[in-house]
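Down below is the structure, laid out as structure tokens.
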Amino acid sequence: MQIHKHQKMKYLNIFFLFVIFNLKVLAQPVYPLIPFPEEVTIGDKLFRISPQTNILAEPKLEQELKYLKSYILENHLFVVNTSAKINNRIVLRLKTDSNSNPEAYQITSNPREIIIEASHPSGIFYGIQTLIQLFPTGKFGSIKIPCVQINDKPNYTWRGMHLDCSRHFFPISFIKKYIDMLAYYKMNSFHWHLTDDQGWRIEIKKYPKLTEIGSVRKGTMIGHYRDQKYDSIAYGGFYTQKEIKEVIEYAQKRHVNIVPEIEMPGHAVAALAAYPEYSCSQKPCEVSIKWGVETNVFCPSEETFAFLEDVLNEIMDLFPGKYIHIGGDEVPKEEWNNSAFCQQLMKEQKLKNAEELQSYFIRRVEKIIQKKGKTMIGWDEILEGGLAPNAVVMSWRGTEGGIAAAKMNHYVIMTPGSHCYFDHYQGKPESEPLAIGGYTPLEKVYQFKVCPDTLNETESKFILGAQGNVWTEYIKTSEQVEYMAMPRMAALAEVLWSQSSKRDYANFLARLKSQEPYLKNKKINYSKTSL
Ligand code: ACM
């Protein structure tokens, strides 16, 4: 085909326009917004935050206002609102729209004004988190951020992270840092695993031996389980109720609910070392020094239930949230099958087998929890022998338990080992620090499908969300917790918040990379394995 000269020019012009347009797109910085908002427009104009910026909020948002002001002071070293001359303002505003999602928010902005609006303080808090993610890293006299228009809301209501503080103990200062990490990624639930075979980590005033005896073990496994090696260094630690209250208050300010876990009837050796009378054999035992599953479990006696009621009442008085996790996983039945007491109890209660006895145990505990108006959560083994009437199921052995529970109209939190166990390796084992096993790289977490296809629309409503679990048999330090949790926590946060149709792993990685200065500045020891 013959192309005339003027036509050639036209094509050339279009070509240059195309190049210029793409250079402009490429030149735009990648903003470290994780999880990515539902609708976002990033304008060319800038808003400057300086001591001449006024931050305003109504009294109901005093906590969020304080949070934003102190964040600016601590991270950028200048105080807002200090000048008589006001240049511009940030307004936090509650809307009277009772139908909207309490965690949803909108940001509208121009160089004179940023308005964050929501129907509830938690939405305002998430708007603030988005704004903070636009801040440059470093200490300046003022900072500039792009004028954005954002309309955002979460996809799931349960966006959680777990931390095992029994196998290894982490100080309050780190728990606060962990909660800050959750808040930054708009996660709203911290599952605090406080008791297990290897240590009881929370003060219970009525039973002081739980911490006097139960919080200390005589040694610890070293290397991998298969090596069967131990040290003989005493290892311990626990949180006082005063410290727990301090953490609860800290978390509340960050719109993070804490779910305490008190393990029963299994994973209870530390409690039984302190009070052996609540086991079936009643024989003295020691706090475990090895990992794994122990056969020594609570006996389903009236004395045990009275003890557990006292313990749970202290826990429920302490933690203001609705949910109490009672474990329920990995309960070997040998002790119960060999116990004359249990055999008699099963006859009396017309229980066919030890699984039904486990179900009887959990139902009794649920009654204790319901008396205080709270809701019980258990690992998916609580399905065995029949589910307690109002239990929420945490599905860890795959998603099957969660599917079964949702089909029975029970609420579910998905936390399958395949995608949500952040104690698994995230890279090739030979180039990673020792871990328990498994292989859960960042991309796999990002591809997690929270709601299985097999559920219909009604059943899907019972899937509250998901949670990443950090079990700490092989995680001795808080730096290593950070390494295992991050960036997988960020990937899960986006899976839970953002619409699945908008997810794009390459785009997520680019945003994560642009977040590296922030992570370094916060001294978060994130893994670079997938970056
Ligand atoms: C579990 O990992 N045993 C819940």
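The values are calculated or read from the model by the stated rules, or taken from the named source; none is laboratory data. Predicted model only: the values in this text are computed from it and were never measured. Every residue, glycine among them, receives a Cβ derived from its backbone with ideal geometry; neighbour counts consider all protein chains shown. Note: accessible area is taken over every heavy atom of the protein model, side chains too, but ligands, DNA and RNA are not part of it. Shrake-Rupley method; radii C 1.70, N 1.55, O 1.52, S 1.80 Å.
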Worksheet item: Based on the inverse mean of 1/r over its pairs of different Cα atoms, what is the Kirkwood hydrodynamic radius of segment 385-495, in Å?
Response: 14.7
Item to complete: List the residues of segment 57-78 whose backbone N lies under 16 Å from a point placed 7 Å from the Cα of Thr96 along the Cα-to-Cβ direction.
Response: 58-60
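Run the dipole for the chain about the Cα centre, Lys and Arg Cβ at +1, Asp and Glu Cβ at -1, nothing else charged, and hand back the magnitude in debye, nearest 20. The partial results should precede the final answer.
Numbers: 63 positive and 59 negative charges, 532 e Å.
Here the size comes out at about 2560 debye.
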Item to complete: Give the distance, in whole Å, between the Cα centre of segment 362-413 and the Cα centre of segment 143-160.
Response: 32
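Please label the shape of segment 284-355 as rounded, prolate or oblate, based on the square roots a ≥ b ≥ c of the eigenvalues of the alpha-carbon gyration tensor (a/c under 1.5 means rounded; beyond that, a/b larger than b/c means prolate, else oblate). All intermediate terms of the calculation are to be shown ahead of the outcome.
Values: a/c = 1.99, a/b = 1.33, b/c = 1.49.
In terms of gyration-tensor shape, oblate.
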Worksheet item: Any number yet on Rg/Rh for segment 435-479, C-alpha, Kirkwood?
Response: 1.11
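Okay, helix-only estimate at 222 nm for the chain: each DSSP H run of n ≥ 4 adds -39500 (n - 2.57), divide by all residues, round to 500 deg cm²/dmol; what do you get? All intermediate terms of the calculation are to be shown ahead of the outcome.
Working: 19 runs with 190 residues, N = 531.
Estimated from H runs of four or more residues: -10500 deg cm²/dmol.
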Discussion item. Can you give me the angle between helix 121-134 and the longest principal axis of the chain, using Cα atoms only, in degrees from 0 to 90, rounded to the nearest 10?
Written reply: 60
Worksheet item: Using Cα atoms only, what is the angle between the long axis of helix 62-76 and the major principal axis of the chain, expressed in degrees (0 to 90) to the nearest 10?
Response: 70
Worksheet item: For labels at Lys352 and Ala510 in the simple 7 Å Cα→Cβ model, what's the distance in nm?
Response: 5.8
Discussion item. Sort 110-117, 43-50 by the packing proxy (mean of other Cβ within 10 Å over each peptide's residues), most packed first.
Written reply: 110-117, 43-50
Worksheet item: Nearest-5 percent of antiparallel DSSP beta bridges in the chain?
Response: 35
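Of Asp231, Asp329, which has the most accessible area with a 1.4 Å probe, and how do the rest follow in descending order?
Values: Asp231 45, Asp329 10 Å².
The ranking, largest first, comes out as Asp231, Asp329.
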Practice prompt. List the cysteines in the chain whose Cβ has no other cysteine Cβ under 4.7 Å from it.
Written response: Cys147, Cys165, Cys285, Cys342, Cys420, Cys451
Item to complete: Enumerate the whole-percent occupancy of each 5 Å bin, from 0 to the last occupied one, for all C-alpha pair distances of segment 300-422.
Response: 2, 11, 20, 21, 20, 15, 9, 2, 0
Worksheet item: Once you sort the root eigenvalues of the Cα gyration tensor of segment 443-525 as a ≥ b ≥ c, which label holds: rounded (a/c under 1.5), prolate (a/b larger than b/c) or oblate (the other case)?
Response: oblate
Worksheet item: If you average 1/r over every pair of different alpha-carbon atoms in the chain and take one over that average, what Kirkwood value in Å do you get?
Response: 25.2
Practice prompt. Calculate one ³J(HN,Hα) per residue across segment 293-303 by plugging θ = phi - 60° into the Karplus curve 6.51 cos²θ - 1.76 cosθ + 1.60, and present them in order as whole Hz with x for glycine and proline.
Written response: 10, 9, 7, 6, 10, 5, 8, x, 8, 4, 4
Worksheet item: What does the accessible area of Ser288 come to, in Å² to the nearest 10, when a probe of 1.4 Å is used?
Response: 10
Worksheet item: Hey, what did the chain get for relative contact order, percent, Cα under 8 Å, at least 6 apart?
Response: 14
Worksheet, complete the sentence: Burial-style ranking of 362-373, 425-436, average other-beta-carbon count within 10 Å with highest first, yields 362-373, 425-436
Discussion item. Apply the a/c threshold of 1.5 to the C-alpha gyration tensor of segment 342-406 and tell me whether it is rounded, prolate or oblate.
Written reply: oblate
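If I compute solvent accessible area with a 1.4 Å probe over the protein chains, what percent of it on the chain is carbon and sulfur? It would help to have the intermediate numbers written out before the result.
Details: 12620 of 23110 Å².
That share works out to 55 percent.
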Discussion item. Can you give me the convex hull volume of the Cα atoms of segment 459-505, divided per residue and expressed in Å³?
Written reply: 96
Discussion item. What would the Debye equation give as log₁₀ I(q)/I(0) for segment 80-164 at q = 0.16, 0.18 Å⁻¹, counting only Cα atoms as equal point scatterers?
Written reply: -0.72, -0.86
